[in-house]
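Shown next, in structure tokens, is the structure this report addresses.
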Amino acid sequence: MDNTMRISLWSGPRNISTALMYSFAQRSDTTVVDEPLYAHYLTTTDAHTYHPGAEEVIASQEPDGEKVVKQILFGAYETPVVFFKNMTHHLAGLDWEFLKKTKNLILTRDPADMLPSYTKQVEKPTMRDVGYEMHLELIRFLKKNSQPFHIIDSKAVLMNPESELTAVCDFLGIPFERGMLSWRAGPRPEDGVWAKYWYHNVHKSIGFQPYQPREEEIPLELKPLYIECRRAYEKILSHALNQ
């Protein structure tokens, strides 16, 4: 019988998902895996036409999402806990039944902080790229199937890492370890090949950085998307009120 705890973090882009992966990598009982469904997403959508390093990503991973679920998400590991850093939009085209057998964390971020950062890599993002609506779909699926989930807001983590990580660990049923609060600067061996495009800031970090609101204005052409994201973000947070 497989007693491995499989934690799926479902994030949007330009969030603290990599920092959370580094945090869990410090645990004595945990293996971490970086975005195993990225190549699946790139090969089943047109995202490969505008994501930086798309060809490298596809060459580095199994692109068949169903195989990834069977071989990676439910593969054999030497540790009792496995943490998968995932993007919610990477679920596109997959059978979601496997979510009933993973511990699901949903990581969100204020779009006022996220969008200005994301457009530095992807010039004309859509709602599919940023994941807020997919987060709501995921919440609806989990609630419909009576599956527990825990919502994490990046601002709350940055303002009080120990308290928020303790709450996450309580939800998972594992003890919080103080080592989760810091790590060595630089790349990790688990980093995907896309790290050189996306992980510059986290590679400079040795822990969760203090929260700083972005002061950049939302560009006029992104205002309609921002309004949509804001509406979805507030709905996501409303589901976190009773957890």
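The values are calculated or read from the model by the stated rules, or taken from the named source; none is laboratory data. All figures in this text were calculated on a predicted structure; none of them were measured in a lab. Heads up, the Cβs are rebuilt from the backbone with ideal geometry, glycines too, and the neighbour counts pull from every protein chain shown. The protein model used for the area step is the full one, side chains on, heavy atoms only, and it has no ligands, DNA or RNA in it. Shrake-Rupley method; radii C 1.70, N 1.55, O 1.52, S 1.80 Å.
Take the conditions in contact with a helix residue (DSSP H, G or I) (Cβ under 7 Å, 6 or more places away or on another chain) and closer than 18 Å to Met87 by Cβ and apply them to Ile139. Does it pass? Step through it out loud before you land on a result.
Values: in contact with a helix residue (DSSP H, G or I) (Cβ under 7 Å, 6 or more places away or on another chain): yes; closer than 18 Å to Met87 by Cβ: yes.
It is true that Ile139 is in contact with a helix residue (DSSP H, G or I) (Cβ under 7 Å, 6 or more places away or on another chain) and closer than 18 Å to Met87 by Cβ.
Could you identify the single residue in Lys144, Lys155 that is without any contact (Cβ under 8 Å) to a residue 12 or more places away in the chain and surrounded by fewer than 20 Cβ atoms within 10 Å (Cβ to Cβ)?
Details: Lys155 fails: without any contact (Cβ under 8 Å) to a residue 12 or more places away in the chain.
Of Lys144, Lys155, the one residue that is without any contact (Cβ under 8 Å) to a residue 12 or more places away in the chain and surrounded by fewer than 20 Cβ atoms within 10 Å (Cβ to Cβ) is Lys144.
Condition check ((1) in a helix (DSSP H, G or I); (2) closer than 24 Å to Pro111 by Cβ; (3) hydroxyl-bearing (Ser, Thr, Tyr)) across all residues:
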residue: Ala167; (1), (2), (3): yes, yes, no
residue: Ile174; (1), (2), (3): no, no, no
residue: Pro189; (1), (2), (3): no, no, no
residue: Val202; (1), (2), (3): yes, yes, no
residue: Gln212; (1), (2), (3): no, yes, no
residue: Glu216; (1), (2), (3): no, yes, no
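Given the criterion under 28 Å from Ile174 (Cα atoms) and under 19 Å from the mean Cα position of the chain (by Cα), identify the matching residue among Lys70, Lys100.
On the way: Lys70 fails: under 19 Å from the mean Cα position of the chain (by Cα).
The unique qualifying residue is Lys100.
Restricting attention to region 222-241, does a residue exist that is free of Cβ contacts under 8 Å to residues at least 40 places away in the same chain, farther than 16 Å from Pro125 by Cβ and in contact with a Pro (Cβ under 8 Å, 6 or more places away or on another chain)?
no
Looking only at region 84-112, how many residues end up being under 21 Å from Glu215 (Cβ atoms) and open to solvent by 10 Å² or more (accessible area, probe 1.4 Å)?
Residues in region 84-112 being under 21 Å from Glu215 (Cβ atoms) and open to solvent by 10 Å² or more (accessible area, probe 1.4 Å): 3 in total.
Test Glu62 against the stated conditions and say whether it is modelled with pLDDT of 95 or more, outside any strand (DSSP E or B) and out of contact with any helix residue (DSSP H, G or I) (no Cβ under 7 Å at 6 or more places or on another chain). Write out each step before concluding.
Values: modelled with pLDDT of 95 or more: yes; outside any strand (DSSP E or B): yes; out of contact with any helix residue (DSSP H, G or I) (no Cβ under 7 Å at 6 or more places or on another chain): no.
Against the criterion (modelled with pLDDT of 95 or more, outside any strand (DSSP E or B) and out of contact with any helix residue (DSSP H, G or I) (no Cβ under 7 Å at 6 or more places or on another chain)), Glu62 does not qualify.
Looking at the structure I just gave you, is Arg184 of a type outside the set (Asp, Glu) and assigned to a loop (DSSP other than H, G, I, E, B)? Explain how you work it out, then say what you get.
Numbers: of a type outside the set (Asp, Glu): yes; assigned to a loop (DSSP other than H, G, I, E, B): yes.
Judged against the criteria, Arg184 is a match.
How about region 196-227: which of its residues are surrounded by 15 or more Cβ atoms within 10 Å (Cβ to Cβ) and either of a type in the set (Val, Ile, Thr) or in contact with an Asp or Glu (Cβ under 8 Å, 6 or more places away or on another chain) (or both)?
Hits for region 196-227 are Tyr199, Val202, Ile218.
Can you find even one residue in region 218-238 that is outside any helix (DSSP H, G or I), in contact with a strand residue (DSSP E or B) (Cβ under 9 Å, 6 or more places away or on another chain) and within 23 Å of Phe84 (Cβ to Cβ)? Write out each step before concluding.
From region 218-238, those outside any helix (DSSP H, G or I) are 218-219; that's our starting set.
Add one more test, that the residue is in contact with a strand residue (DSSP E or B) (Cβ under 9 Å, 6 or more places away or on another chain), and what stays is none.
No: zero hits.
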